[in-house]
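Input: a single structure, listed below in structure tokens.
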Amino acid sequence: MITFRLSTHSGVPPYLQIVQQVKQAIRLGILLKGDQLPTVKEVVGMVAINPNTVFKAYRELEMLGLVEGRTGSGTFVLGRPAGPPPEIQNAVVNSLINWINEAKKAGLDEESIEALINSTLHNIKRGNNESTNNK
Amino acid sequence: MNQQTISKNAIETKGLGKRYRSFWALKDCSINVPKGSVSALVGPNGAGKTTLLKLLVSLSRASAGSANVLNKSPSQSPEYLSEIGYLAQEIPMYARLNAKEHIAMGLHLNDNWDSELATKRLNELAIPLDRPVGKLSGGQRAQVALGLALAKKPKLLLLDEPVAALDPLARIDFLKSLAQAVTDADGELTVVMSSHLLADLERVCDHIVILASGETQLCEDIETALKSHKLLVGVRKEAVDSDKYTIIQQSHTARETTLLVRLNDTKYHDSHWHMRDVDIEEIVLAYMGQSREQADTIAAKGGVR
């Protein structure tokens, strides 16, 4: 079973947070094919959110082909999103842990590590965009 | 029944106003709140939020304009009031009576009362039904009040700053209960909730009404509001409203101009500006700031020596 968290200061719309968390749970193997997603009422009771937001998130997941709504019985996981299987993710997580430990040893605190990751991601993304746009 | 007269809106007001002697507490308020929506009523203190809610529940009589609520005009008739749940800011309850007694009283006073639902809801929240409500915590008292309002099985629920006095945990619990009630009602319950806690509203609400200086600044669903409002940042220039956008708020530094605008054309693009999305909090603050600037200008003009 998946537990949702909602951050109201992240700038990510609530429905998208739900979509991302389901995707992530499927990627990490927390949710498997055939598993049932919590009902809308359960989600609403978990995170205090407008039910239409949950409907919207589930519709989006359906459109992505990740889940299937079955009338009267609920919403079920169909398969994994594009991307590597959980084993490979775990390997990547391990190397990330090593890297973080190294960064901490070098004297970086959590905030700087986060900022470093975000800005590097951003730079790589922008670099890619610029090369594809031929700018 | 004539289908054409049935509105898609739970609330429609036209030019609604309330005057106390020479002071307009609410002026020219024209809003539409779609049926089934959870609408946030926001604005600075004294903007007329409580006045509007009181007019809708017929606790006060309009000085101007008209209101149509669930296809009826506000009145004190039991027929009108039976469909509306109202929770006043001060949560009025009998401090010495317990929740069970409040529920029993509701049964006497209302035609369409669901004691079982109210009892079940409060049991699920582990609220002691036999303790005088005056001895419950603030959060529990708010939950009892919400339970009582819902036991009426209203089609419209008007909440005046229901979470203002609650601690963060009790606040989230209250909002959970509210959101669950909305889910259960399956589109048959419309909620209007006034609050200053914008982050909370963004969670639970899908529609927003911004009042400031006693007038309506914005009334639309939140998704549309987020799409149509943008922040434009660019090299300093004197900006004026155009047919492409309306400026809600502008600020200038020596070199830079920042505009929060409402786009008339969502495909608008101008290379002069760097465009960025805004969140509900930024939109609300911009409208509230705009109305304060206007008030200041008027005060300044009146104060010319």
query = Between a first residue in the range B:37-55 that is closer than 15 Å to B:Pro74 by Cβ and touching a residue at least 12 places away in the same chain (Cβ under 8 Å) and a second residue that is among the β-branched types (Val, Ile, Thr) and part of a loop (DSSP other than H, G, I, E, B), which pairs have beta carbons less than 6 Å apart while being 6 or more apart in sequence or on different chains?
reply = none
remark   = Considering the range A:60-74, residues that are at pLDDT 90 or above and assigned to a loop (DSSP other than H, G, I, E, B), and then whichever is nearest to the other protein chains (Cβ to nearest Cβ), we arrive at A:Leu64
ask   = What's the number of the condition B:Gln89 fails, among (1) crowded, with 16+ Cβ neighbours inside 10 Å; (2) at negative phi?
value = (1)
ask   = Quick check: anything in the range B:61-79 surrounded by fewer than 21 Cβ atoms within 10 Å (Cβ to Cβ), of a type in the set (Asp, Glu) and over 22 Å from B:Ala151 (Cβ atoms)?
value = no
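Results for (1) buried (at least 17 other Cβ atoms within 10 Å of the Cβ); (2) basic (Lys, Arg), shown as yes or no for each residue.
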position	(1), (2)
B:Gly214	yes, no
B:Arg236	no, yes
B:Asp241	no, no
B:Thr246	no, no
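Please verify whether the range A:13-24 includes one or more residues that are within 14 Å of another protein chain (Cβ to nearest Cβ), in a loop (DSSP other than H, G, I, E, B) and at pLDDT below 95. Write out each step before concluding.
Going residue by residue through the range A:13-24, those that are within 14 Å of another protein chain (Cβ to nearest Cβ) are A:13-18.
Still in the list and also in a loop (DSSP other than H, G, I, E, B): A:13.
Add one more test, that the residue is at pLDDT below 95, and what stays is A:13.
Checked against the condition, which is being within 14 Å of another protein chain (Cβ to nearest Cβ), in a loop (DSSP other than H, G, I, E, B) and at pLDDT below 95, the range A:13-24 yields at least one hit.
Just to verify a result, which residue in the range B:107-152, among those that are of a type in the set (Gly, Ala, Ser) and touching a strand residue (DSSP E or B) at 6+ places or on another chain (Cβ under 7 Å), is nearest to B:Ala181 (Cα to Cα)? So that I can check it myself, show each step before the final result.
We begin by selecting, within the range B:107-152, every residue of a type in the set (Gly, Ala, Ser); these are B:115, B:118, B:126, B:134, B:137-139, B:142, B:145, B:147, B:149, B:151.
From what is left, the residues that are touching a strand residue (DSSP E or B) at 6+ places or on another chain (Cβ under 7 Å) are B:145, B:149.
Values: B:Ala145: 14, B:Ala149: 11 Å.
Ranking the candidates gives B:Ala149 first.
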query = Going by the structure shown, is A:Val43 crowded, with 17+ Cβ neighbours inside 10 Å, within 13 Å of chain B (Cβ to nearest Cβ) and in contact with a helix residue (DSSP H, G or I) (Cβ under 8 Å, 6 or more places away or on another chain)?
reply = yes
request  = Note down all Cβ pairs under 6 Å where the first residue falls in the range A:107-135 and is closer than 18 Å to A:Leu96 by Cβ, the second is modelled with pLDDT of 85 or more, and they're at least six residues apart or on different chains.
outcome  = A:Ile113/A:Ala103
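Going by the conditions given, is B:Gly106 in contact with a Phe, Trp or Tyr (Cβ under 9 Å, 6 or more places away or on another chain) and small (Gly, Ala, Ser)? Show your work before the answer.
On the way: in contact with a Phe, Trp or Tyr (Cβ under 9 Å, 6 or more places away or on another chain): yes; small (Gly, Ala, Ser): yes.
Yes, satisfied.
Quick check on my filter: what residues within the range A:3-12 are crowded, with 18+ Cβ neighbours inside 10 Å and either more than 9 Å from every other protein chain (Cβ to nearest Cβ) or of a type in the set (D, E, K, R) (or both)?
The answer is A:Phe4, and nothing else.
In the range B:155-175, which residues are away from chain A (no Cβ under 12 Å), on the phi < 0 side of the Ramachandran plot and under 14 Å from the mean Cα position of the chain (by Cα)? Walk me through it before giving the result.
Going through the range B:155-175, the residues away from chain A (no Cβ under 12 Å) turn out to be B:155-162, B:164-167.
Restricting the remaining residues to those that are on the phi < 0 side of the Ramachandran plot gives B:155-160, B:162, B:164-167.
Correct list: B:Leu156, B:Leu157, B:Leu158, B:Leu159, B:Asp160, B:Pro162, B:Ala164.
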inquiry  = Please count how many residues of the range A:49-59 are surrounded by fewer than 21 Cβ atoms within 10 Å (Cβ to Cβ) and facing chain B (nearest Cβ under 7 Å).
reply    = 1
ask   = within 13 Å of another protein chain (Cβ to nearest Cβ), in contact with a Leu (Cβ under 9 Å, 6 or more places away or on another chain) and aliphatic (A, V, I, L, M) - does that describe any residue in the range B:211-228?
value = yes
request  = Determine if the range A:84-105 includes at least one residue that is touching an Asp or Glu at 6+ places or on another chain (Cβ under 9 Å), free of Cβ contacts under 8 Å to residues at least 12 places away in the same chain and away from every other protein chain (no Cβ under 14 Å).
outcome  = yes
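Just to be sure before I move on: is A:Val77 over 30 Å from B:Phe174 (Cα atoms), of a type in the set (Val, Ile, Thr), under 17 Å from the mean Cα position of the chain (by Cα) and at pLDDT below 90 in the structure I sent?
On the way: over 30 Å from B:Phe174 (Cα atoms): yes; of a type in the set (Val, Ile, Thr): yes; under 17 Å from the mean Cα position of the chain (by Cα): yes; at pLDDT below 90: no.
The answer is no for A:Val77.
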query = Would you pick out the residues in the range B:176-197 that are facing another protein chain (nearest Cβ under 9 Å) and in contact with a strand residue (DSSP E or B) (Cβ under 9 Å, 6 or more places away or on another chain)?
reply = B:Leu178, B:Ala179, B:Val182
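Within the range B:198-210, take every residue that is acidic (Asp, Glu) and assigned to a helix (DSSP H, G or I) and give me the one that is farthest from the other protein chains (Cβ to nearest Cβ). Break it down into steps so the answer makes sense when it comes.
At the first step, the residues of the range B:198-210 found to be acidic (Asp, Glu) are B:200, B:202, B:206.
Applying the additional criterion that residues be assigned to a helix (DSSP H, G or I) yields B:200, B:202.
On the way: B:Asp200: 8, B:Glu202: 6 Å.
Ranking the qualifying residues of the range B:198-210, first place goes to B:Asp200.
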remark   = If we ask which residues in the range B:118-142 are closer than 21 Å to B:Tyr86 by Cα and out of contact with any helix residue (DSSP H, G or I) (no Cβ under 6 Å at 6 or more places or on another chain), their number turns out to be 7
key: Qualifying positions in the range B:175-214 - free of Cβ contacts under 8 Å to residues at least 60 places away in the same chain and closer than 15 Å to B:Ile280 by Cβ   = B:Leu197, B:Asp200, B:Arg203
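The values are calculated or read from the model by the stated rules, or taken from the named source; none is laboratory data. Being a predicted model, the structure only gives us computed values, none of them experimental. Methodologically, a virtual Cβ is constructed for each residue, glycine included, from the backbone with ideal geometry; neighbour enumeration extends over all protein chains shown.
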